[in-house]
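Peer 1: Starting off with a structure, shown below.
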Amino acid sequence: MAFKDTIIAFGKRFKLDSHHTMERFGVVCGIFAVTAVAVFGGSAFAAWNSGKEALTDTSLYTPTFTTSKTKLKGDVDGVYTNELGNKALLIMHFNKGAKISYNADDYQGFLMGSDENLNTETVSTPGISWSFHVFGSTGYVGVLLEADEPFAEQVLNLTMRANQELSFREADDKPADELAGDNSFAQHDQWRVFFNPGARKTETIASLDAATFDPARAFYDVVLKSDEQTAREALDSKLVEMRTALSRIDSYTTDLETTKVDGLFLRPPQVPDLIAGDAVTGESKSESENGKSNLALTTKTVVPGGFDFNWRSGNVYDGYLDVLVPVGQSYGEFLSQKSVESTDERDFGVGDIEWTLSDGSSLVQDYRTSDVTMRPLTNVMNNLSQAYADYYSAKNEYQSSLLFDLLALDIDLRDVQSNSSVNSDEELFFINY
């Protein structure tokens, strides 16, 4: 059978020909839902024009997918192009814990064009080549399309097939892809995505303008950069909280000198080692003239299981672990040692503070907690103790949890750099020209 006949037969098997209009109804409604506004306005022409605008502007029509046999679910993250518009990267990811093959050679694809009614038509953009990318063990996969010229404004129908099934699910009578309705989706583990790489509102990423495609750079641009920004915002917010807690410590320490009972007052205690001398310097985003935070923690100590590095001056793509990991040790060993260090907040020393009065006696040992006479001094002691505990809790989260969130992104990138695989076998990608 000729290649053209194979494609035509493929389209019929997937019920994308003109004889299966009703089965396409759901997807058509999703693509052109925006036309409803114009329809209710009473203008048929406006409705048609609105649908045309949606086709021109919208780059992605399939936000989620489910594989036909193993019922693995995933999300379609987006369609990204280069400035010229002749490269398109479709990024998808499977739900966490999904058992998939991490070998790109285990997948193949089928690409067809679609008109406004999702009838199968030839692909308008000439000279398309493909490569399928598995981004390490992150669960992310991508299809990179490169064409001889900018992509036409056309809905493309991509079916991906996994030739290795690593999950098992009892078969059911309900097809995973309602547009398919044939044995191919029952015989093979497949999923389908409708997208338009020629849309005007497609997001461009710098990594697609490079002469050679770098999966790690693309993964950083598409996935990690936004996660990194979220992590940085959490760190900034925690620094504001820590600065406030330090202000309370200063205020309650001053109260030690001014709060007296019968001439007695509390002497300033020895500050616990894990927080002694700490300071948060700089301005927050709302305080600075340029709207950018430069807050920074100055400390001589690191909480057990925590980290201390200048996260503002670096980024995940350049990496943080190389600065932290001692020479001769792998980052896996380094992080394993950190994970077993105690982060119990009760161990930071506040319980060992000696609360000594100006006459040398102990407020804790020589007076009862129920002694109302000493209540003003007891209140000052409790306030300062709580301020120490609040600050340490915030510092503990900052150093052991939030900074690790950045390192976790660094680890994901290293996974992609070391373990990504690519399949560019043209015999495994069928295009309906």
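The values are calculated or read from the model by the stated rules, or taken from the named source; none is laboratory data. Note that this is a predicted model, so its numbers are computed, not measured. No Cβ is skipped: glycine too gets one built from the backbone with ideal geometry, and neighbour counts run over all protein chains shown. Each accessible area value is taken on the protein alone, full model and side chains, heavy atoms only, with ligands, DNA and RNA left out. Shrake-Rupley method; radii C 1.70, N 1.55, O 1.52, S 1.80 Å.
Peer 1: Looking at Val222, Val240 in this structure, which one is touching a Gly at 6+ places or on another chain (Cβ under 8 Å) and modelled with pLDDT of 95 or more?
Peer 2: Being touching a Gly at 6+ places or on another chain (Cβ under 8 Å) and modelled with pLDDT of 95 or more holds for just one of Val222, Val240, which is Val222.
Peer 1: State which residue is surrounded by the fewest Cβ atoms within 10 Å (Cβ to Cβ) when the search covers only segment 248-288 and only residues that are touching a Gly at 6+ places or on another chain (Cβ under 8 Å) and under 16 Å from Ala394 (Cα atoms).
Peer 2: Asp273
Let's see how each residue does on (1) of a type in the set (S, T, N, Q); (2) in contact with a helix residue (DSSP H, G or I) (Cβ under 7 Å, 6 or more places away or on another chain); (3) at pLDDT 95 or above; (4) closer than 23 Å to Thr56 by Cα:
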{"residue": "Tyr140", "(1), (2), (3), (4)": "no, yes, yes, no"}
{"residue": "Glu146", "(1), (2), (3), (4)": "no, no, yes, yes"}
{"residue": "Gly181", "(1), (2), (3), (4)": "no, yes, no, no"}
{"residue": "Phe185", "(1), (2), (3), (4)": "no, no, no, no"}
{"residue": "Asp189", "(1), (2), (3), (4)": "no, no, no, no"}
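Peer 1: OK, next. Which count do you get for residues in segment 85-109 that are within 12 Å of Glu203 (Cα to Cα) and open to solvent by 10 Å² or more (accessible area, probe 1.4 Å)?
Peer 2: Total satisfying the criteria: 2.
Peer 1: Could you check how many residues of segment 361-392 are within 20 Å of Gln270 (Cβ to Cβ) and open to solvent by less than 50 Å² (accessible area, probe 1.4 Å)?
Peer 2: 14
Peer 1: Ok, one more. Working carefully through the options Tyr388, Tyr398, Tyr367, find the one that is outside any helix (DSSP H, G or I) and aromatic (Phe, Trp, Tyr).
Peer 2: The conditions single out Tyr367.
Peer 1: If you check Leu413, Leu384, Leu403, Leu377, which single one turns out to be under 21 Å from Lys96 (Cα atoms) and touching a residue at least 40 places away in the same chain (Cβ under 8 Å)?
Peer 2: None of the other options fit; the residue is Leu413.
Peer 1: Could I ask something else about it? With free of Cβ contacts under 8 Å to residues at least 40 places away in the same chain and within 24 Å of Thr125 (Cα to Cα) as the only criterion, which of Ala218, Ala211 stands out?
Peer 2: Within the list Ala218, Ala211, the selection yields Ala211.
Peer 1: Just one of Gly314, Gly328 is without any contact (Cβ under 8 Å) to a residue 12 or more places away in the chain, open to solvent by 60 Å² or more (accessible area, probe 1.4 Å) and part of a loop (DSSP other than H, G, I, E, B); which is it?
Peer 2: Gly328
Peer 1: Quick test for you: out of Phe334, Phe307, Phe348, pick the one residue that is within 21 Å of Lys238 (Cβ to Cβ) and modelled with pLDDT of 90 or more.
Peer 2: Result of the check over Phe334, Phe307, Phe348: Phe307.
Peer 1: Turning to a different aspect of this structure: Do you know which of the residues in segment 282-305 that are of a type in the set (A, V, I, L, M) and part of a loop (DSSP other than H, G, I, E, B) is nearest to Met242 (Cα to Cα)?
Peer 2: Here the residue is Leu295.
Peer 1: Of (1) closer than 20 Å to Val422 by Cα; (2) among the hydrophobic types (A, V, I, L, M, F, W, C); (3) part of a helix (DSSP H, G or I); (4) modelled with pLDDT under 95, Leu166 satisfies all except one. Which?
Peer 2: (3)
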